[in-house]
Structures are given as structure tokens and as C-alpha cells.
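Here the structure comes first, spelled out in C-alpha cells, and everything after it is commentary.
The values are calculated or read from the model by the stated rules, or taken from the named source; none is laboratory data. No experiment lies behind these values; they were computed from the predicted model shown. With ideal geometry, Cβ positions are generated from the backbone for all residues, glycine too; neighbour counts draw on all protein chains shown. Quick note on the areas: whole protein, heavy atoms, side chains included, nothing else; ligands and nucleic acids left out. Shrake-Rupley method; radii C 1.70, N 1.55, O 1.52, S 1.80 Å.
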Amino acid sequence: MRVAGVGHSPKKLARIAYRKHVRLARLEGAALGLGGIFTAAPDVVALIWIQSRMVFYVAAAYGHDPRDPIRPAELLTLQGLYDTPEEARRALDGVGKLMAQALAEKALAARHGDRLHRRLVKYIAKRMARRYAGRYIPLVGAPMGAWQNSAATKQIGKAALRYYARP
């Protein structure tokens, strides 16, 4: 019987978890992308689950207890909703800024700025809508879902690898 992880360094185990979850996100995006708009909500839920699972595995690879109450707060920090895990933990405990408020502030911060900034955001929004509209059409959305889910998972995964590799 072979014990998983024996002989591997924490960095190697974390990279294995990262790669496996990126592949899982790609597969999930392709599978649920087949359904178009009908599977958009389950796709988001499944992607969040995959990404949170990946963060917990990476943390465990570096010797952190995945059941520690700070792990979900670190996930929210890695996703960019909060500046620090402590701030996120306070929100999860109902003491700090609520998650809905953090999301709203993040969205509003993107909106504020000069006129040129607003025009640029509008242009990007229109371009993104045209580019990704096909994702909501059955069968056409499979390759788009696979690409988008793997890209989003890679982004959070790389942030997790950097975060947990710190001494």
C-alpha cells in the first residue's frame, strides 16, 4: 500500500493539488457549459467548491490544518474580497464588514474615477459581453466554460501557492 505524499516536499504536494484542481475546474466548466444558461448557476457553485477545496489542500500541503477557522477567511482574502484574513474572519463571525458590503464596495470602487475610466469600463463591458455571450448558448459554452473556469482557478491557485509557501 502506498501512502500519498510520502517522499514529496510540501511545495511538490501543493503543486500537485493546484494542477489537479485546475483540471477539475476545466472539466466541470466544459461539462456544465454544455447546458448553456440552464447550468450557469450550478457551474458557479461547483467552481466555488473546487476553488475552496484547492485552497484547503494547498494549505494542508504546507502543514496548515485545513479545519482551522481561519482557512475560509484566507480564501476570501485570496479572492480579493478582504484585505486581510483577520478582517475576513471578523466578517464571518458577524463582527466586521459583511461580505455583501465588501462585494458592493469592491464593485463601487471599480466604478469611481474620472470620465475616461468610466468610458473604458463601458468599452470593456461591451466587449466582454460580446465575447462571452456564447457561453450561455447550449453546446457553444463548453469550451468557454472550460477556459474561464481553469483561468479563474489558476489565478486563485497561484495566489494560494504564494500565500502558504511563506515562512
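Given the criteria at pLDDT below 85 and either touching a helix residue (DSSP H, G or I) at 6+ places or on another chain (Cβ under 7 Å) or open to solvent by 80 Å² or more (accessible area, probe 1.4 Å) (or both), does Gly33 qualify? Don't jump to the end; show me each part of the working.
Details: at pLDDT below 85: yes; either touching a helix residue (DSSP H, G or I) at 6+ places or on another chain (Cβ under 7 Å) or open to solvent by 80 Å² or more (accessible area, probe 1.4 Å) (or both): yes.
Answer is yes for this residue.
Do you know which residues across the stretch 146-167 are more than 13 Å from the chain's Cα centre (by Cα) and surrounded by fewer than 14 Cβ atoms within 10 Å (Cβ to Cβ)?
Arg162, Ala165, Arg166, Pro167
Just checking, which of Ala59, Ala40, Ala73 is open to solvent by less than 60 Å² (accessible area, probe 1.4 Å), free of Cβ contacts under 8 Å to residues at least 60 places away in the same chain and assigned to a helix (DSSP H, G or I)? Break it down stepwise before answering.
Details: Ala59 fails: free of Cβ contacts under 8 Å to residues at least 60 places away in the same chain; Ala40 fails: free of Cβ contacts under 8 Å to residues at least 60 places away in the same chain.
Within the list Ala59, Ala40, Ala73, the selection yields Ala73.
Could you go through the stretch 18-27 and let me know if any residue there is under 16 Å from Leu78 (Cα atoms) and basic (Lys, Arg).
no
Among the numbered criteria (1) open to solvent by 90 Å² or more (accessible area, probe 1.4 Å); (2) among the basic types (Lys, Arg); (3) under 25 Å from Gly29 (Cα atoms); (4) at pLDDT below 70, which one does Arg111 miss?
Every condition holds for Arg111 apart from (3).
Regarding Leu81, is this residue open to solvent by 20 Å² or more (accessible area, probe 1.4 Å), out of contact with any Phe, Trp or Tyr (no Cβ under 6 Å at 6 or more places or on another chain) and in contact (Cβ under 8 Å) with a residue 60 or more places away in the chain? Don't jump to the end; show me each part of the working.
Details: open to solvent by 20 Å² or more (accessible area, probe 1.4 Å): yes; out of contact with any Phe, Trp or Tyr (no Cβ under 6 Å at 6 or more places or on another chain): yes; in contact (Cβ under 8 Å) with a residue 60 or more places away in the chain: no.
Here the answer is no, as Leu81 does not meet what is asked.
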